[in-house]
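A quick write-up on the structure given underneath.
The values are calculated or read from the model by the stated rules, or taken from the named source; none is laboratory data. Nothing here was measured: the structure is a model prediction, and the numbers come from that model. Here the Cβ is made from the backbone with ideal geometry for all residues, glycine too, and neighbour counts use every protein chain on show.
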Amino acid sequence: MDPKYLLVLAVIVVLGWFAFGIIFNIRRGEAILRWIQKGLPRIGERTSFRWLGSSVAEMVISTARKPFRRMETLIVMTPRDIPWMWLIAALQGRRDTLIFRAHLQTPPLVNLELADPAAWTGRLALKQGAERGWESQPYDGLTLMAPRGTLDLAAATLARLSAPAQKLSQRFWRFSLRRDAPHLELHLAFPDRQKDADQFIEALQDLARAVGEPSFVSQET
């Protein structure tokens, strides 16, 4: 076959892939957004929304109701618009991810990172924890990290939060608590849209309230 025809065919395939990837991600992102917006009024009125490229959508509630002060919601999708980027993402285990970053009225008393080392966001979180010199231990099939001398406190905090966390999701790719904002960061798979969005957000509120409960005295120095 004439190389010119092969080149034309390759261009058509790449452009077609690009268009399909953008359309697929935007439609999938908008479907999740429509679903989650049914429950977000429990937290507050949306103050901003924007697409960051074709794979990430950001929604911010800058003045949120208790137990929140501010809520950022990110819908992060596999980059499906460029074939080689999609392949790299697939090899890295990158999947469509729903991210909550919450500024709370009452910050937690401990810094901790619970992450799935098989997930791309989990690996990044664990790498950052290691760079800080945090200690680590296995925890329910995931990896728990915390500043030196506070692993027991971190594990006890997670045990206390287990019930409200499981109401929200059976598994997190990243579960992060920080004394400094954002105080709570959650990375999880896209929820089942057949479920009630209002109940999903209510579970998020319950988890945030539990995080702020002063049930433990911090041991960090």
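Looking at segment 31-44 only, could you name the residues that are touching a strand residue (DSSP E or B) at 6+ places or on another chain (Cβ under 7 Å), under 25 Å from Pro107 (Cβ atoms) and surrounded by fewer than 19 Cβ atoms within 10 Å (Cβ to Cβ)?
Gly44, the sole residue that qualifies.
So which residues in segment 153-162 are touching a residue at least 12 places away in the same chain (Cβ under 8 Å) and more than 19 Å from the chain's Cα centre (by Cα)? Give the steps one after another, and end with the answer.
Of the residues in segment 153-162, the ones touching a residue at least 12 places away in the same chain (Cβ under 8 Å) are 153-158, 160-161.
If the condition is that a residue be touching a residue at least 12 places away in the same chain (Cβ under 8 Å) and more than 19 Å from the chain's Cα centre (by Cα), then Leu153, Ala154, Ala155, Ala156, Thr157, Arg160 are the ones that fit.
What tally of residues in segment 167-197 results from selecting those that are over 23 Å from Arg123 (Cβ atoms) and either assigned to a helix (DSSP H, G or I) or out of contact with any Ser or Thr (no Cβ under 9 Å at 6 or more places or on another chain) (or both)?
The number of residues fulfilling the criteria is 8.
Counting only residues that are surrounded by fewer than 18 Cβ atoms within 10 Å (Cβ to Cβ) and touching a helix residue (DSSP H, G or I) at 6+ places or on another chain (Cβ under 8 Å), how many does segment 50-63 have?
1
Which of the residues belonging to segment 177-196 are in contact with a helix residue (DSSP H, G or I) (Cβ under 6 Å, 6 or more places away or on another chain) and modelled with pLDDT of 95 or more?
Listed by number, the residues that qualify are Leu184, His187.
Could you grab me the full set of residues in segment 164-216 that are free of Cβ contacts under 8 Å to residues at least 24 places away in the same chain and within 19 Å of Leu142 (Cβ to Cβ)?
Gln166, Ser169, Gln170
Can Leu144 be described as within 20 Å of Leu184 (Cβ to Cβ) and at pLDDT 95 or above? Before the answer, list the steps.
Details: within 20 Å of Leu184 (Cβ to Cβ): yes; at pLDDT 95 or above: yes.
Yes.
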